[in-house]
Each structure stands twice: as C-alpha cells, then as structure tokens.
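The values are calculated or read from the model by the stated rules, or taken from the named source; none is laboratory data. All values derive from a computational prediction rather than experimental measurement. All Cβ positions, glycine included, derive from the backbone under ideal geometry; neighbour counts span all protein chains shown.
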C-alpha cells in the first residue's frame, strides 16, 4: 500500500511538471488602483492604468552621454541607448501600437546630466502614453533588441531608426 502511495505521488508530481503546473498567471490591483498581471514562470509583471493602452513606455530621469563605436551618444540614467525615429521629423511621435512595443517611448521627467544639454530636453504628446521625453525636439525611444547598457542594435534599422548624438542629431553614419 505504501509503495502505491509513493508511486501515485511521483506520477502526480511528474504530471504537474509536464503540464506546466508552475506556470500560473494572476491579476491583482495595486494600491494606486492599477491592474497588475503576473506570470510566475517568466516572473514578468506588467502594470497599466485602467483604460490605457500598454506600449512598453519606459520612465527615465537623467539623460547623459556615453562613448560608443558610433561616437558620443545619448543614453538614459541606466546607460541604455536612446534612439530617434525619422518619421517623427523633430515633432509629433508617430511610433504607436506594435511599433511602440518594439521601440518603447521614453516618458517621465528628464534632466540633462553629464554631456547632455538641458536646453535640448523637452516633451511631446504621444497618442498612447501621454507626454514623452524629447531631445532637440526628437521624441526618444529605447529599442527592445538592446539587452544591456551600451547596446546599439537598433542603429540604422530600416534606415529610419538612429542613435542620438550629444548634439541632438541622429547619428546616420
């Protein structure tokens, strides 16, 4: 009898593992009234305000510069590369929906740090996330394909995405 119980327990545990018993997803509400979805298998959490579209917008604080193979480039407070989208033409953000999932708009309050010019820091109204940060009137984005500070994997992509130089101009070369 004891052997049957052990075998049944082992089979049940194997069944749970095979069926992904640890992959759970739940929804809760934060203190700020935001809905939060958590998938434990991936430890991914997405927080959105009720009634808004999630585009993956990223909040940053200080814009600084860093040296790269492309020269001196604009980066966020964590050293992540910042990009511009040529169709934005130094004005209204046009990267929305799926585009903004791959190229998250930079939102929040920004100040110029080392190497950046405070006179070039501003904001523009993004249709999905509200105010986003601009530099020399160019709306700023991250690239989802950059996984670490200093990555410039989005440089020149489709001839419309470019790293931003310290002067606020696209580095196209």
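Does the range 107-121 hold any residues that are over 19 Å from residue 167 (Cα atoms) and either in a loop (DSSP other than H, G, I, E, B) or touching a helix residue (DSSP H, G or I) at 6+ places or on another chain (Cβ under 9 Å) (or both), and which are they? Scanning the range 107-121 gives 108, 109.
With respect to (1) surrounded by fewer than 12 Cβ atoms within 10 Å (Cβ to Cβ); (2) at pLDDT 95 or above; (3) more than 19 Å from residue 151 (Cβ to Cβ), the lone exception for residue 29 is condition (2). In summary, residue 125 fulfils each of the numbered conditions (1) under 21 Å from residue 67 (Cβ atoms); (2) in the same structural domain as residue 84 (by TED's automatic domain parsing) with the single exception of condition (1).
Residue by residue, here is whether (1) at positive phi; (2) modelled with pLDDT under 85; (3) surrounded by 13 or more Cβ atoms within 10 Å (Cβ to Cβ) holds:
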{"site": "36", "(1), (2), (3)": "no, yes, yes"}
{"site": "44", "(1), (2), (3)": "no, yes, no"}
{"site": "54", "(1), (2), (3)": "no, yes, yes"}
{"site": "82", "(1), (2), (3)": "no, no, yes"}
{"site": "86", "(1), (2), (3)": "no, no, yes"}
{"site": "90", "(1), (2), (3)": "yes, no, yes"}
{"site": "104", "(1), (2), (3)": "no, no, yes"}
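Annotation note: Cβ proximity below 9 Å between a residue of the range 84-99 that is without any contact (Cβ under 8 Å) to a residue 24 or more places away in the chain and a residue that is assigned to a helix (DSSP H, G or I) (sequence gap 6+ or interchain) occurs for 94/87; 94/88. Of 139, 104, 170, all but one fail to be in contact with a helix residue (DSSP H, G or I) (Cβ under 8 Å, 6 or more places away or on another chain) and within 19 Å of residue 61 (Cα to Cα); the exception is 139. Criterion first (assigned to a loop (DSSP other than H, G, I, E, B) and at pLDDT 95 or above) does residue 173 satisfy it? When the stated conditions are applied, residue 173 does not pass them. Filtering the range 122-147 to residues that are part of a loop (DSSP other than H, G, I, E, B) and either closer than 15 Å to residue 73 by Cα or in contact with a strand residue (DSSP E or B) (Cβ under 9 Å, 6 or more places away or on another chain) (or both) leaves 128, 129, 136, 137, 140, 142, 143, 146.
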